[in-house]
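Shown next, in C-alpha cells, is the structure this report addresses.
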Amino acid sequence: MQASTSSVGFIGLGRMGRGMASNLQKKGFRLQVLDIDADAVGHVVALGAHPARSVADMARECDIVITMLPTSVEVEAVANGPQGVFANGRQGGVLMDMSTIDPLATDRLHAQALKVGMSVVDAPVGRLAEHADRGESLFMVGASDADFARVKPLLEAMGTTIHHCGDVGSGGRTKIVNNYLAITLCQVNAEALALSQRFGLDLVRTLQVLFGTSASNNQLKINFVNKVLAGDTRPGFTIDLAHKDLGLVMASAHAAKVPMPVAAAVYEAFSQARAAEFGQLDFSAIADVLAQFAHIEKPRVPAGWKPPA
C-alpha cells in the first residue's frame with residue numbers, strides 16, 4: 001500500500017478516531033488533525049501529524065477530509081456553513097464520514113457536496129477500539145467506484161477488512177443493520193446468562209454447551225468472554241453509544257416502514273441501564289446491569305479461561 005502524496009484531514013480524535021488517525025500517520029500519509037481535545041491532538045501530532053487551525057483551513061488544504069464524530073449533528077455542523085468543509089473545500093475533494101449517523105443525514109451531505117463540486121463517502125467502522133488501535137478495523141463503504149478507489153489506500157492503512165457496500169449511503173445503512181444485531185445479541189446474551197445464574201448452573205459448563213450449538217454467537221464467544229465475563233468493563237464501545245445507535249436503528253426503521261419490536265424492547269433495556277448510571281461502561285456490561293437488577297451474582301469465568309477452539 002502506497003501512501004498518497006496529497007494531504008488528508010482528520011476531524012474527531014475520540015476513542016476510535018485517535019487510533020485510526022495514528023495509523024494513517026504511521027503509514028506515511030500527510031495528515032492534519034483537529035479535535036476539541038488538545039491532548040488527543042497532541043497525541044497524533046507527536047507522531048508527526050500537523051494540527052489544523054480550523055475546519056475551513058483544513059478543507060482548503062486537504063484533498064480528503066475524514067470525520068469521526070459522535071452524531072449527525074456534529075458531522076453536519078462540520079460540513080455545512082460558511083466555515084465548513086463544503087464552503088471551503090477543493091473542487092473534486094472528498095468528505096469521508098466514518099461516524100455512525102442517521103443515513104438520511106448522509107443523503108443530505110451527499111446532495112450538498114454535489115452542489116459544490118465535491119463528493120461524499122460514508123465508511124463507518126466495524127469492530128472495537130482496540131482493533132482501531134492496531135489498525136485492524138473493518139469498514140463498510142458507500143461510495144462511487146472512483147471515490148472508493150481514492151479512499152481505499154487510507155482504509156487499508158487503518159484496517160484489514162474493507163467492504164464496498166454500494167453507492168453513497170449504503171455503508172451507513174449496512175452499519176445500522178450490523179449494530180442492530182450486535183447490540184441486540186448483547187441483551188439476549190445478558191438475559192440468558194442471568195437465567196443460568198438464577199438456575200445455579202456452572203457458567204463454564206453452560207458456555208461450553210452454548211458454544212457447541214446454534215445458540216453460539218461471536219458477541220458471547222469473543223466480546224463477552226474477553227470483556228465482562230473476565231471482569232473487564234472498561235469501554236471499547238459504551239452502553240451510551242449502543243443506545244445512540246439503537247436510536248438510529250429505530251429512526252431508520254420507522255422511516256423505511258419496517259416494524260422492529262425487538263429493537264424497541266432492547267432500546268428501552270439500554271435506556272434503563274443508562275438511567276442507572278451504567279452508560280459509560282462497555283456495552284457487554286449490560287450483563288452486569290441485568291445481574292444487579294435481578295439481584296444475582298455477576299457472571300464471571302475463571303481468570304485466564306478461554307473457550308474451546
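A short reminder: the numbers here are calculations on the coordinates, not readings from a lab. Treat the numbers as computed from the prediction; the structure is a model and nothing was measured. Positions of Cβ are backbone-derived with ideal geometry, glycine not excepted, and every protein chain shown enters the neighbour counts.
Given (i) 77, 38, 31; (ii) 73, 47, 35; (iii) 64, 44, 33, which label gives Cα extents along the principal axes in Å as computed from the coordinates?
Only one listed value fits the structure, namely (iii).
From largest to smallest, what semi-axes in whole angstrom does region 75-118 give when each is the square root of 5 times an eigenvalue of its alpha carbon gyration tensor?
Three semi-axes, in Å: 16, 11, 9.
Over the alpha carbons of region 251-309, what is the largest minus smallest coordinate on each principal axis, giving the biggest first in Å?
46, 33, 20
Could you work out how far apart the two model spin labels at ALA309 and ALA149 are, taking each label as a point 7 Å from the Cα in the direction of the beta carbon, and quote it in nm?
4.2
Distance in nm between label sites at ASN80 and VAL258, each 7 Å beyond Cα in the beta-carbon direction?
Result: 2.6 nm between the two label points.
Distance cut-off 32 Å, Cα to Cα: go down the list LYS257/LYS298; LYS175/LYS221; LYS27/LYS298; LYS115/LYS152; LYS115/LYS175 and report the pairs above it.
Over 32 Å Cα-Cα: LYS257/LYS298; LYS27/LYS298.
So what is the diffusion coefficient of region 37-184 in µm² per second by Stokes-Einstein at 37 °C and 0.692 mPa s, using a Kirkwood Rh over Cα pairs?
Value of D from the Cα-based Kirkwood radius: 211 µm²/s.
Can you tell me how much longer the chain between VAL73 and HIS50 gets when fully stretched, taken as 0.36 nm per residue apart minus their C-alpha distance, in nm with one decimal?
Between VAL73 and HIS50, full extension yields an extra 5.7 nm.
Angle between the Cα long axis of helix 261-275 and the longest principal axis of the chain, 0 to 90 degrees, nearest 10?
Taking the Cα atoms of the chain, the angle to 261-275 is about 90 degrees.
If you average the sequence gap of Cα pairs under 8 Å that are 6 or more apart and divide by the length of the chain, what percent do you get for the contact order?
Numbers: 570 pairs, mean separation 43.2, N = 309.
14 percent.
Give me the one-decimal nm value for the distance between modelled label points at VAL209 and GLU277, 7 Å along each residue's Cα-to-Cβ direction.
3.7
Less than 12 Å Cβ to Cβ from LEU241, Lys/Arg counted +1 and Asp/Glu -1: what total charge do the surrounding residues give?
That sum, taken over residues with Cβ under 12 Å, equals 0.
Of the listed peptides 261-269, 29-37, what is their order by residue-averaged count of other C-beta atoms within 10 Å, with the highest listed first?
Per-residue Cβ counts within 10 Å, averaged per peptide and sorted highest first, yield 29-37, 261-269.
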